[in-house]
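Before any comments, here is the structure.
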Amino acid sequence: MKKKTIIRRVLTMIALGLLLSMTIIASKTFVGAAYTPDMSNGADNFYKSNKVTMKKVEFKNQYNMNVAGNLFIPKGLKKNTKNPAIIVGHPMGAVKEQSANLYATKMAERGFVTLSLDLSFWGESEGQPRNAVSPDIYAEDFSAAVDFLGTRPFVDRDRIGVLGVCGSGSFAISAAKIDPRMKAIATVSMYDMGAANRNGLKHSQTLEQRKKILEEAAEQRYVEFTGGKTKYTSGTVHELNENSTAIEREFYDFYRTPRGEFTPKGTSLELTTHPTLTSNVKFMNFYPFEDIETISPRPMLFITGENAHSREFSEDAYKLAAEPKELYIVPGAGHVDLYDRVNLIPFDKLESFFKENLKKK
């Protein structure tokens, strides 16, 4: 009997082991797409080039905060001449190592001095609490970047442009409205962070829902004022399941996989992309497209994907902007596609736009 009992127990354990293995395999099959990033169309977020040199830099904004950036200089650049330059801003909740460095590197290959920057409160830039939202300071960071570039001996301060990806598109516009030193403004996959938070995509958020968000954030201020734990909001989900939306999957594939995941020193994977709840409501008072027409006659280029869920924001900005302006739609591209898919990103279009509009007068 003892021998039979032992055999029965062994068989039971084997069966349970097989069942567990099948469960794990099934689980991996279900979320396999989430953990295997889509690297199609030349996705290359961490692209590096032997045609340019990169140097870490820091400079102060008007609030005496250190803003961190990466300065890209084409090899062979004549430093005894004045050259055009482009400032590149990263997606909202991201850092310069995500998308911004790629754009800065590619544009430097095409002859421009470029500068990718971390917005205040994010990445290597100063600002407390971390991950705080402050649209005015974000816009100021772009102007501070102009201060920095315009005082480099090899940069022509009259030929500085800006390029904002995702949320930085709206921050660049906000900055350009009050800083005429930005001579040409381009946005890619732009999010109007004000409208997105007030109204949701395609005006899907009701006024009642907005008020609930405001009430929650206001109550959370009491918690944090009295020493309670900081609460974070929005950003990219950390897991996918059968109820995950197409947009959640799109962002997950970039921010939560080796395709684009990057965790700056001093933070954690759990906090990347997530703004603080109490500060995020400041976007409700952010109206970057108000008076956008006053940027004219400086040129504006709005690039968006044909299938981008954010397309409405580029189209809205284009309608409101004055000439000269252009709306450029990338066939077959979604929102995040234009973060890093080099076969889809219209670098030729960006090159011609900035070369034409940053040329010597």
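The values are calculated or read from the model by the stated rules, or taken from the named source; none is laboratory data. The structure presented is a predicted model; accordingly, all values stated were derived computationally and were not measured. Cβ sites come from the backbone with ideal geometry, for glycine too, and all protein chains shown count toward neighbours. Each accessible area value is taken on the protein alone, full model and side chains, heavy atoms only, with ligands, DNA and RNA left out. Shrake-Rupley method; radii C 1.70, N 1.55, O 1.52, S 1.80 Å.
General remarks:
- Candidates Lys79, Lys177: the one that is open to solvent by 10 Å² or more (accessible area, probe 1.4 Å), in contact (Cβ under 8 Å) with a residue 40 or more places away in the chain, assigned to a loop (DSSP other than H, G, I, E, B) and within 25 Å of Lys361 (Cβ to Cβ) is Lys79.
- Positions within the stretch 180-229 being charged (D, E, K, R), open to solvent by 30 Å² or more (accessible area, probe 1.4 Å) and in a loop (DSSP other than H, G, I, E, B), in sequence order: Arg181, Lys229
- Taken together, Lys51, Lys56, Lys78, Lys60 contain a single residue that is modelled with pLDDT of 95 or more and farther than 25 Å from Pro135 by Cα, which is Lys51.
- Test for Gly235: is it more than 23 Å from the chain's Cα centre (by Cα) and part of a loop (DSSP other than H, G, I, E, B): no
- Selection count where residues are open to solvent by 50 Å² or more (accessible area, probe 1.4 Å) and under 20 Å from the mean Cα position of the chain (by Cα), scope the stretch 328-355: 3
- Within the stretch 230-254, restricting attention to residues that are open to solvent by 60 Å² or more (accessible area, probe 1.4 Å) and of a type in the set (Ser, Thr, Tyr), the residue that is farthest from Tyr287 (Cα to Cα) is Thr245.
- For the stretch 46-60, residues that are open to solvent by 30 Å² or more (accessible area, probe 1.4 Å) and either over 29 Å from Tyr255 (Cβ atoms) or assigned to a loop (DSSP other than H, G, I, E, B) (or both) total 6.
- Residue list for the stretch 102-117, restricted to those being open to solvent by less than 10 Å² (accessible area, probe 1.4 Å) and either on the phi > 0 side of the Ramachandran plot or in contact (Cβ under 8 Å) with a residue 60 or more places away in the chain (or both): Leu102, Tyr103, Met107, Phe112
- Close pairs (7 angstrom Cβ cut-off, 6 or more residues apart or separate chains): outside any helix (DSSP H, G or I) in the stretch 350-361, open to solvent by less than 40 Å² (accessible area, probe 1.4 Å) anywhere: Leu358/Pro84; Leu358/Arg159; Leu358/Gly161; Leu358/Ala184
- Taking (1) touching a helix residue (DSSP H, G or I) at 6+ places or on another chain (Cβ under 8 Å); (2) open to solvent by less than 30 Å² (accessible area, probe 1.4 Å) in turn, Ala68 satisfies each apart from (1).
- The one condition from (1) in contact with a helix residue (DSSP H, G or I) (Cβ under 8 Å, 6 or more places away or on another chain); (2) not in a loop (DSSP other than H, G, I, E, B) that Tyr63 does not meet is (2).
- Residue in the stretch 34-44 that is open to solvent by less than 70 Å² (accessible area, probe 1.4 Å) and at pLDDT below 95 present: yes
- So Thr278, is it within 26 Å of Asp348 (Cα to Cα), surrounded by 14 or more Cβ atoms within 10 Å (Cβ to Cβ) and among the polar types (S, T, N, Q): no
- Any pair with Cβ under 7 angstrom, 6 or more apart, that starts in the stretch 124-138 at a residue that is basic (Lys, Arg) and ends at one that is open to solvent by 10 Å² or more (accessible area, probe 1.4 Å): Arg130/Phe121; Arg130/Thr267
- Of all residues in the stretch 101-138, those satisfying the criterion of being touching a helix residue (DSSP H, G or I) at 6+ places or on another chain (Cβ under 6 Å) and farther than 30 Å from Glu356 by Cβ are Ser120, Ala132, Val133.
- Test for Leu301: is it more than 30 Å from Lys355 (Cα to Cα) and either crowded, with 19+ Cβ neighbours inside 10 Å or among the hydrophobic types (A, V, I, L, M, F, W, C) (or both): no
- Filter result for the condition that a residue is in a helix (DSSP H, G or I) and touching a residue at least 40 places away in the same chain (Cβ under 8 Å), over Val146, Val88: Val146
- Every residue from the stretch 174-193 that is more than 15 Å from the chain's Cα centre (by Cα) and not acidic (Asp, Glu): Ser174, Ala175, Ala176, Lys177, Ile178, Pro180, Arg181, Met182, Lys183, Ala184, Ile185
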